[in-house]
1. Across the stretch 291-312, what is the number of residues that are farther than 30 Å from residue 384 by Cα and open to solvent by 50 Å² or more (accessible area, probe 1.4 Å)?
2. Which pairs have Cβ atoms under 7 Å, sit 6 or more apart or on different chains, and link a residue in the stretch 219-234 that is modelled with pLDDT of 95 or more to one that is polar (S, T, N, Q)?
3. For the condition open to solvent by 60 Å² or more (accessible area, probe 1.4 Å), touching a residue at least 60 places away in the same chain (Cβ under 8 Å) and on the phi < 0 side of the Ramachandran plot, what is the one hit in 315, 388?
4. Run down 255, 270, 280 and say which single residue is more than 16 Å from the ligand (Cβ to nearest atom), open to solvent by 20 Å² or more (accessible area, probe 1.4 Å) and either basic (Lys, Arg) or assigned to a loop (DSSP other than H, G, I, E, B) (or both).
5. Within the stretch 178-191, identify whether any single residue is away from the ligand (no atom under 14 Å from the Cβ) and without any contact (Cβ under 8 Å) to a residue 24 or more places away in the chain, and answer yes or no.
6. Checking residue 142 against (1) within 15 Å of the ligand (Cβ to nearest atom); (2) over 22 Å from the mean Cα position of the chain (by Cα), only one condition comes out false. Which one?
7. Any idea which of 353, 400, 370, 334 is open to solvent by 10 Å² or more (accessible area, probe 1.4 Å) and either within 15 Å of the ligand (Cβ to nearest atom) or touching a Phe, Trp or Tyr at 6+ places or on another chain (Cβ under 6 Å) (or both)?
8. Within the stretch 95-122, how many residues turn out to be under 18 Å from residue 61 (Cα atoms) and open to solvent by less than 20 Å² (accessible area, probe 1.4 Å)?
Amino acid sequence: MPIKANDPNRKSWIPVPENSDFPIQNIPFGVFLTRDDVITIGTRIGDHAIDLGSLHQLGYFKDIPLTDDIFLQDTLNDFISDGKKTWRLVRNRIAELFDVRNEELQHKDDHKQIVLFTMDEIEMQLPVQIGDYTDFYSSKEHATNIGKMFRDPDNALLPNWLHIPVGYHGRSSTIVPSGTPIRRPYGQTIPKGEDQPVFGPSKLVDFELEMAFITTDANALGEPIDVTEAEDYIFGLVLFNDWSARDIQKWEYVPLGPFLGKNFASSISPWIVTLDALEPFRVQSPKQEPQPLPYLRHKGNNSFDIHLEVDVTPEDGQSTTVCKSNFKYMYWSMAQQLAHHTVNGCKVNSGDMMGSGTISGTTPDSFGSMLELAWQGTKPVTLNGGEERKSVADNDTITMRGYCHKNGLRIGFGEVASKLLPALDLKAPKKNK
Ligand code: CA
């Protein structure tokens, strides 16, 4: 079925500001709370959110086989379960309805009053109930940087890295939408040169610049997904800040991997940009040498050219862009990640989230974490206001943005912005006691 929604010449009757991430060719999906305190599934064009629940009730999707309450839910999981054919029909229909040449809704003020909201009238929620969250480690540059710092500069990549999309199972309960403040976590760390651990607030909180993809129900237990079909089960992507406490991580990660240094928070951008909307921005993946095993081989352009950047903004200070990277630097594609994840028969469900791993490029200004940017504290990053950073400071806001741009068409993700609050005062009396 053609993706008519991607027609680059289409214009909307909803105004779209210049350089908006959300032209009519984007049509992302999200969940929001309206001014009437109703939770609904919606999309966005320019600076307007569109209530798909109301649109459906008013009959605008009558030619698409959808259950009556598919958009009247507080998560997208059921809609995602309907599968790729339905996602396409719905995106195509939205594009048609909001096309400047279409009169069906454009002049019906009573209907527009019900379905259209300005962004300041709504509050974005988590778009899916995330059953399982897996985090990969798929940027060769990031894995090499970490290997150089923590192990052996001459053998930075471990022997399995070029054969396996390395990953671990994370925790979904602490994934939060953009805008939710994060607390500096407590934990065990080992001071430099000491042999006994101490307990206290982490001194090395970091961001990780990642993207995450969201799946549909992909397979039955015991059945792998073929790498050449894996993309059919990917609904879309979000920006993903995988907050990390490096000092806690360093002490705890041997032998079973990341735990409390990683599971205190991960922040996502609230609009899921569909894989369909990203079609025009496909590019070749980095060459894989040695050739992966047959179950990981695929042809064609399996990467996406998505510009990424990270800003650090101190409280009452100016913003500094500390990193510019690109999703296309990923060594392992999303299709390879999903094929590998299921090759043992592991079942993947609707709403599962798969993090890419920190996305670093080859140059020092493209490194996707403060750990790498400040090279383990040896090269502090100077912000525009003159302050230095080796890690994220209390009350800093970390903002990540992502967008694709080609032939005058820009499709973006908006942003994920979250503030790091100081650690709780554990000795302070608890409220309500
Ligand atoms: Ca991560």
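1. Taking the stretch 291-312 as the starting set, the residues that turn out to be farther than 30 Å from residue 384 by Cα are 291-304.
Subset that is open to solvent by 50 Å² or more (accessible area, probe 1.4 Å): 291, 293-295, 297, 299-301.
Result for the stretch 291-312: 8.
2. As it stands, the answer is 219/342; 224/342; 225/219; 225/342; 227/336; 233/215; 233/216; 234/215, since those pairs meet every condition given.
3. On the way: 388 fails: touching a residue at least 60 places away in the same chain (Cβ under 8 Å).
That would be 315, the only listed residue that is open to solvent by 60 Å² or more (accessible area, probe 1.4 Å), touching a residue at least 60 places away in the same chain (Cβ under 8 Å) and on the phi < 0 side of the Ramachandran plot.
4. On the way: 270 fails: open to solvent by 20 Å² or more (accessible area, probe 1.4 Å); 280 fails: either basic (Lys, Arg) or assigned to a loop (DSSP other than H, G, I, E, B) (or both).
Criteria check complete, one pass: 255.
5. Restricting attention to the stretch 178-191, the residues satisfying the condition of being away from the ligand (no atom under 14 Å from the Cβ) are 178-191.
Still in the running and without any contact (Cβ under 8 Å) to a residue 24 or more places away in the chain: 191.
The answer is yes, given that some residue of the stretch 178-191 is away from the ligand (no atom under 14 Å from the Cβ) and without any contact (Cβ under 8 Å) to a residue 24 or more places away in the chain.
6. Answer for residue 142: the failing condition is (2).
7. Values: 353 fails: open to solvent by 10 Å² or more (accessible area, probe 1.4 Å); 400 fails: open to solvent by 10 Å² or more (accessible area, probe 1.4 Å); 370 fails: open to solvent by 10 Å² or more (accessible area, probe 1.4 Å).
None of the others qualify; the one that does is 334.
8. Number of matching residues: 6.
The values are calculated or read from the model by the stated rules, or taken from the named source; none is laboratory data. Because the structure is predicted, anything quoted here is derived from the model rather than measured. All Cβ positions, even for glycine, are placed from backbone atoms using ideal geometry, and neighbour counts span all protein chains on display. When the accessible area is computed, the model is the full protein with side chains, heavy atoms only, and any ligands, DNA or RNA have been set aside. Shrake-Rupley method; radii C 1.70, N 1.55, O 1.52, S 1.80 Å.
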